[in-house]
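Take a look at the structure below.
The values are calculated or read from the model by the stated rules, or taken from the named source; none is laboratory data. Computed from a prediction, not measured in an experiment: that's the story for all the values here. Cβ sites come from the backbone with ideal geometry, for glycine too, and all protein chains shown count toward neighbours.
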Amino acid sequence: WATEEQASWLSKRLPDFVQAQSANKTDKFFGITYCEWFHRFNLEDPTPEELEAEGGNEERARSKKTKAQRKRIRWWFYNHARGATSRRVLNLNKKKTGYLHPYQAYLRL
């Protein structure tokens, strides 16, 4: 959904997001990021289909489009921050503990 220029712009802010996330200040980060995003990249006008869906109300259609763009930006950061952080990987190789049930012991014969 993002152009190369937009993706580059978002990538440059990824370290700031990781820092804000570790400090529990993502709301402040997103407030600044949304403001900068919409100042730098103009939001496209609503399409005739979007206007029709909102009953011809352009302001409501634009608001809905802005909300959707904010959601895309937010999830872009959460999805791309996964590789940027050094979180432990979940160990799915669970060691078997305890005794086998009688039917399990029989199946192992």
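Miscellaneous remarks
- Candidates are the residues of the stretch 71-91 that are modelled with pLDDT of 75 or more and among the aliphatic types (A, V, I, L, M); the one that is nearest to residue 27 (Cα to Cα) is 73.
- Contacts under 6 angstrom Cβ, first residue in the stretch 52-75 being in contact (Cβ under 8 Å) with a residue 12 or more places away in the chain, partner hydrophobic (A, V, I, L, M, F, W, C) and surrounded by 15 or more Cβ atoms within 10 Å (Cβ to Cβ), 6 or more apart: 61/51
- Enumeration of residues in the stretch 9-43 that are within 20 Å of residue 69 (Cα to Cα) and either crowded, with 16+ Cβ neighbours inside 10 Å or touching a His at 6+ places or on another chain (Cβ under 8 Å) (or both): 9, 10, 11, 13, 14, 17, 26, 29, 30, 33, 37
- In the stretch 51-64, the residues that are part of a helix (DSSP H, G or I) and either crowded, with 16+ Cβ neighbours inside 10 Å or on the phi > 0 side of the Ramachandran plot (or both): 51, 61, 62
- Considered as a group, the residues in the stretch 2-21 that are among the polar types (S, T, N, Q) and free of Cβ contacts under 8 Å to residues at least 12 places away in the same chain include one that is nearest to residue 82 (Cα to Cα), and that residue is 19.
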